[in-house]
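Written out below as structure tokens is the structure these notes cover.
The values are calculated or read from the model by the stated rules, or taken from the named source; none is laboratory data. Quick caveat: nothing in here was measured; it's all calculated off a predicted structure. Reconstructed Cβ throughout: ideal geometry from the backbone, glycine too, with neighbour counts over all protein chains shown. Just so you know, the surface numbers come from the protein's heavy atoms only, side chains and all, with ligands and any DNA or RNA stripped out. Shrake-Rupley method; radii C 1.70, N 1.55, O 1.52, S 1.80 Å.
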Amino acid sequence: MVFVCICLSLMLGISAALPQDMSGKMFIFPQETNTAHVRLTTSRQNLGAVTVCLRAFTDLSRTYGTFSLSTPTFDNDFLIFKEPQSGEFSVSVRNAGHIFSNQDDKRNEWQSFCATWAAASGLMQLWVNGKPSSIKSTSTLNISGPMIIVLGQDQDSHGGGFNIAQSFVGMMTDVHMWDYVLTPCHIQNYNHKFTYPAGNILNWKSLEFQIIGSVHIQKEQEQC
Ligand SMILES: *[C@@H]1O[C@H](CO)[C@@H](O)[C@H](O)[C@H]1NC(C)=O
């Protein structure tokens, strides 16, 4: 039975990857596809609060998914998404999303994104480049169920349903996820690459992930 299970997971490509220290590295998504993505792993099945932070670099002006967490019940259980309009991003929790307008939307520059939410208040907020958005209401129910987290695509079904017109092209780094709302000070520190606590759900310095399709890893390009 154990043998069968191992074979099955190898065939399905869901064998557990060892955590890697990704400090100073970035994922490169070099082309538009409806397949290429990074899948991140967590064993957590119940979250009453979330903060996700990441940095991204792109020249896209169309829609794209950056961070897409699905459960079998909700494809957008926690999603940070670039909307068609310039400067508009949406955050969804348990499929309840809102648009945040007039945000920084700089292309060909690194931008930092942090999204926070807590079920207790049902409130969420988006921070772009360390600047807070209006606070908006969303789900007061915990995110629960087995979670599939995807970078570089937007899940329209649990682990799939990718749309090439929503694929991310560019680079991404410093992906962290916490099971609490990060303080405004820590979010601003994240933006400035100062000190902040590493994610306790996803930690860039100890990241379990699996690459599917054309995604590359390289050192971040530092200024001389
Ligand atoms: C929701 O999440 C919080 C924090 O993790 C937890 O204490 C609470 O028991 C959860 N509620 C339900 C209904 O699962």
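For ILE217, only one of the following conditions fails: (1) touching a Lys or Arg at 6+ places or on another chain (Cβ under 6 Å); (2) part of a loop (DSSP other than H, G, I, E, B). What is its number? Unmet condition: (2). Condition first: more than 17 Å from the chain's Cα centre (by Cα), open to solvent by less than 70 Å² (accessible area, probe 1.4 Å) and closer than 18 Å to GLN153 by Cα. Can you find one or more residues in region 67-84 that meet it? No, there is no match, as no residue in region 67-84 is more than 17 Å from the chain's Cα centre (by Cα), open to solvent by less than 70 Å² (accessible area, probe 1.4 Å) and closer than 18 Å to GLN153 by Cα.
Please tell me if SER86 is away from the ligand (no atom under 16 Å from the Cβ), of a type in the set (Gly, Ala, Ser) and not in a strand (DSSP E or B). For SER86, the condition - away from the ligand (no atom under 16 Å from the Cβ), of a type in the set (Gly, Ala, Ser) and not in a strand (DSSP E or B) - is met. LEU141 meets all of the listed conditions (1) in a loop (DSSP other than H, G, I, E, B); (2) among the hydrophobic types (A, V, I, L, M, F, W, C); (3) away from the ligand (no atom under 16 Å from the Cβ) but one, namely (3).
If the condition is being open to solvent by less than 10 Å² (accessible area, probe 1.4 Å), assigned to a loop (DSSP other than H, G, I, E, B) and away from the ligand (no atom under 16 Å from the Cβ), then region 158-203 contributes SER167, PHE168. Residue pairs whose Cβ atoms lie under 6 Å apart, sitting 6 or more positions apart in sequence or on different chains, and linking a residue in region 204-224 that is open to solvent by 100 Å² or more (accessible area, probe 1.4 Å) to a partner that is not hydrophobic (A, V, I, L, M, F, W, C), are LYS205/ASP21; LYS205/SER23; LYS219/GLY24; LYS219/LYS25. Do we have GLN153 as surrounded by 15 or more Cβ atoms within 10 Å (Cβ to Cβ), assigned to a loop (DSSP other than H, G, I, E, B), more than 15 Å from the ligand (Cβ to nearest atom) and at negative phi here? Spelling it out, GLN153 is indeed surrounded by 15 or more Cβ atoms within 10 Å (Cβ to Cβ), assigned to a loop (DSSP other than H, G, I, E, B), more than 15 Å from the ligand (Cβ to nearest atom) and at negative phi. Considering only residues that are away from the ligand (no atom under 16 Å from the Cβ) and of a type in the set (A, V, I, L, M), look in region 112-138 and name the one that is surrounded by the fewest Cβ atoms within 10 Å (Cβ to Cβ). My answer is ILE135.
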